[in-house]
Structure formats: structure tokens, C-alpha cells
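The values are calculated or read from the model by the stated rules, or taken from the named source; none is laboratory data. Quick caveat, the model's predicted, so the values are computed rather than measured. Cβ: placed from backbone, ideal geometry, glycine included. Neighbour counts: every protein chain shown. These accessible areas exclude ligands, DNA and RNA; they are computed on the full protein's heavy atoms, side chains included. Shrake-Rupley method; radii C 1.70, N 1.55, O 1.52, S 1.80 Å.
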Amino acid sequence: MKKITFVCLGNICRSPMAEFVMKDLIKKANLEEKFSITSAGTSGEHDGEGMHRGTKNKLVSLNIEHQNFTSKRLTQKLCDESDFLITMDNSNFNHVIKNFQGVKNKTFKIIDFAKNLGYDEVPDPWYSGNFDETYEIISKACKNFLQSLEDEI
Ligand code: 4NP
């Protein structure tokens, strides 16, 4: 069982989208017994809240499950339990590397799995309001990431 934790700043927009997109891909590939997927934020500012309406609406429009989500802050314990920490932007990546122990070899930027899209990071829809763009990047990266994992398992 591999545990993957997606990480953004608030854990209400990008990392919940990645969590549920990845769960959907894993379900469709019949790999649910091989993976455990969650998400967390570096700020903790939205702890206990649901996901952003923009993320929820996008998932609903695509018929992707979005239930049972509560925003939470990334902790050392969750880092220790995770095999992969997949961050959404350079700031999240740097935060994780700087603030948690034993994470260097398992922390990645999601954009590393979709380099051909021409982005350096996933733009934050909290500011851009563009959840379609967020989805396009995240879904392509998650597909490529899962494919790379399938080669391993
Ligand atoms: P996220 O987006 O990191 O993708 O969840 C944000 C959510 C909330 C805030 C910033 C970014 N905020 O400043 O409250």
C-alpha cells in the first residue's frame, strides 16, 4: 500500500482536487487496494472546512466523487506516514522541505509529472478563479504520476 498526500497552501482548492481526481483514476484502474490518498495544507488556515465551491463544482461537473472531505493541516506524522508528498507550487514544496523531517526524497512538485504543459507550478485558483485550468493541469499530472507508479507496483 502506497500512501500519497497532495499538498497545497489552504487545502481547500488544489490539493483536494488532486486528491479526488487521483482517487477517481485509481478506482477506474481497479487499484484501490494498492493506494491510500489524502491531502493537506501548509497553512492550516481552513482546518475543518469543506472544499472550495469552485473545486466542488468542477468535480461534480465531471461526475467525480467529492464526499467526506475536511480540510486539514500537514503534520510531521502525516509526512512520516506518506510515501509521496506531492506539492502544487514552489512555495508549498519549499515549505515542506524546510519545515518537516525526512521528506527530501519523497517530496515532489506535481508539475514534474506534466512538464510539457509549460507551467512551472499549478496557479492558485483562490486568486485566479480559474478552476478549469487547475483541473487540466492536475488531471494530466495525476494520470502521468499514476502511470509511473503502475510501472513500480
Ligand atoms: P489552495 O488555495 O492552496 O489551492 O487551497 C488557497 C486557499 C486559501 C487561501 C490561499 C490559497 N487563503 O489565503 O486563504
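Of note:
- Helix-only mean residue ellipticity at 222 nm for the chain, each DSSP H run of n ≥ 4 adding -39500 (n - 2.57), per residue, nearest 500: -12500 deg cm²/dmol
- Overall, the range 1-90 carries a charge dipole of about 220 debye about its Cα centre when +1 sits on the Cβ of Lys and Arg and -1 on the Cβ of Asp and Glu, all other atoms neutral.
- Summing Cβ point charges (Lys, Arg +1; Asp, Glu -1) relative to the Cα centre of the chain gives a dipole of roughly 160 debye.
- Across 74, 117, the residue with the most accessible area heads the list, and the full order at a 1.4 Å probe is 117, 74.
- Scalar couplings 3J(HN,Hα) for the range 67-81, obtained by applying the Karplus form with A = 6.51, B = -1.76, C = 1.60 to θ = phi - 60°, are 6, 6, 10, 9, 4, 9, 8, 5, 10, 4, 4, 5, 4, 4, 6 Hz; x denotes Gly and Pro.
- Solvent-accessible area of residue 152 with every protein chain in place, 1.4 Å probe, in Å² to the nearest 10: 120 Å²
- Each Lys or Arg adds one and each Asp or Glu subtracts one; over the other residues with Cβ under 12 Å from the Cβ of residue 47, this totals 0.
- Taking all Cα pairs closer than 8 Å and separated by 6 or more residues, the relative contact order of the chain comes to 27 percent.
- To put it simply, the accessible area of the range 2-150 at a 1.4 Å probe is 44 percent carbon and sulfur.
- Based on protein heavy atoms only, the chain ends up with 52 Å² per residue of surface accessible to a 1.4 Å probe.
- With DNA, RNA and ligands ignored, accessible area of residue 88 (1.4 Å probe; Å², nearest 10): 0 Å²
- Candidates 48, 129, 118, ranked by Gaussian network fluctuation over the chain, Cα under 10 Å, top entry: 118
- Hydrodynamic analysis of the chain uses the Kirkwood radius over alpha carbon pairs. Inserted into Stokes-Einstein at 37 °C and 0.692 mPa s, it gives a translational diffusion coefficient of 217 µm²/s.
- Accessible area per residue was computed with a 1.4 Å probe on protein heavy atoms; residue 45 scores about 140 Å².
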